[in-house]
Amino acid sequence: MNFSTPLTALFPGASGRTVTALSAHRESSGGAALSVEQLARESSVAATQLESVLFRLGLLGMLLPRRRGEEIRVVEGHLVWDALREVTDLRGRLVGEVRRRVGEGVEPAPVYLALAGKVAEGVAAHPADLLELLVVPPAGAPDDWAARLDAVARDLSRDLGNLVQTHVLPHPPAAAPTTVVVPLGA
């Protein structure tokens, strides 16, 4: 999994670049207006091509009505923006999914769970790039505890498209800068 450009990976071309730029603008500037020229620069899309993309987004209701060449304003509360935020926050989704699956698949819960590797960093470029689960089992964990953790890792490997590897540790490590510690509390 590579988190750098999820929208343009899903929607290649002018539409993906435009939606990516509009999403970023919405997150950073809220409902502030955006000129066609500014959006063209931020999306690397020619202004003439941008108008047809904006027309389609307007039909979807994501933009306030406008005439060709007028400033662009997003419809802040439109449900598509929230859906796009889910797609653009893949690290948050990954952490939540790992937390959920470990919580459902491994009893009792680990004392410590962290994610490391290229997938956790969001820079994976190949299916062989790893998501590493750094886990400290609870005291008195059952004999099959590690096997259940490995089963969760196998399912995650299948569903994420990258190999998930477990590392059962005796105590939490000093966190590396790229390690994402997963909160386990309710």
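The values are calculated or read from the model by the stated rules, or taken from the named source; none is laboratory data. All values reported here derive from a predicted model rather than from experimental measurement. Every residue, glycine as well, gets a Cβ built from its backbone with ideal geometry; the counts of neighbours run over all protein chains shown. Heavy atoms of the whole protein, side chains included, go into the accessibility calculation; ligands, DNA and RNA do not. Shrake-Rupley method; radii C 1.70, N 1.55, O 1.52, S 1.80 Å.
So the values come out like this:
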quantity	calculated
Sulfur and carbon atoms: percent of accessible area, the chain [1.4 Å]	58 percent
1.4 Å probe accessible area per residue over the chain, in Å²	54 Å²
Calculated [θ] (222 nm, deg cm²/dmol) that DSSP helices of n ≥ 4 give over the chain, each run adding -39,500 (n - 2.57)	-14500 deg cm²/dmol
Phi-based couplings in Hz for the stretch 78-95 (Karplus 6.51, -1.76, 1.60; Gly and Pro marked x)	5, 5, 5, 4, 5, 5, 5, 4, 4, 6, 7, 9, 5, 5, x, 5, 4, 4
Accessible area in the full protein assembly, largest first, 1.4 Å probe, for ARG41, ARG148	ARG41, ARG148
Under 5 Å, built H, 5+ apart or other chain: amide partners of VAL123	PHE3
Per-residue HN-Hα couplings for the stretch 96-112 [Karplus 6.51, -1.76, 1.60; θ = phi - 60°; Hz; x = Gly/Pro]	x, 5, 4, 4, 4, 5, 5, x, 7, x, 10, 10, x, 4, x, 6, 8
Amide H within-cut-off set for GLN165, under 5 Å, with H built and near neighbours excluded	LEU131, GLU132, LEU133
Of (1) 20.0; (2) 18.8; (3) 18.1, the label for Kirkwood radius over Cα pairs in Å derived from the coordinates	(2)
Distance from the stretch 139-173 to the stretch 1-56 (C-alpha centre basis), Å	39 Å
The stretch 64-186: relative contact order as a whole-number percent, Cα under 8 Å and 6+ apart	28 percent
Rotationally averaged projected area of the stretch 51-129 (alpha carbon convex hull; nm²)	8.5 nm²
Residues with amide H under 5 Å from that of ILE72, placed H, sequence gap 5 or more	LEU34, SER35, VAL36
R0 of 22 Å, Cβ-Cβ distance LEU184-GLU76: FRET efficiency to nearest 0.05	0.05
R0 of 25 Å, Cβ-Cβ distance ALA32-SER4: FRET efficiency to nearest 0.05	0.50
Computed FRET value (nearest 0.05) for GLU42 with PHE11, which takes r as the C-beta separation and R₀ as 22 Å	0.85
